[in-house]
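Here, each number is a calculation from the coordinates, and none is a lab measurement. What you see is a predicted model; the values in this text were computed from it and never measured. Positions of Cβ are backbone-derived with ideal geometry, glycine not excepted, and every protein chain shown enters the neighbour counts.
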Amino acid sequence: MRSLLEACLEAFFRNDTEWSKRIDQEDNAVDEAYKACLGRLLQAVQKPLSPAQAAAWIELAIIVKTLEKVADYALDIADASIYYAEGGVLLASFFPAVRRPVVGGGLG
């Protein structure tokens, strides 16, 4: 997870669109790991649990989902860096109230 975040920020600050495009593959790997973890969690909670055990499994499920969301945010940063580096940002994707694209590689 840490390497994914570092990679997306590195790609953003270096304007490296090729690296940004590869981050999607990393996100797919995280998505697969999330599905595997969720499957194991579901198996674990099908047996009788004490309240403490149930609470621990719920906390673990929240942690796993949060990590998967962090990977999605890294992908969003990578996508934003591609739009920025390739000359335009569609502000509507970030700010729905704004309906016009900005051209020229920046926000101004």
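On a per residue basis, the convex hull of the C-alpha atoms belonging to region 1-51 measures out at 71 Å³. Taking the number of Cβ atoms within 10 Å of each Cβ as an exposure proxy, the fewest-first ranking of LYS21, LYS35 is LYS35, LYS21.
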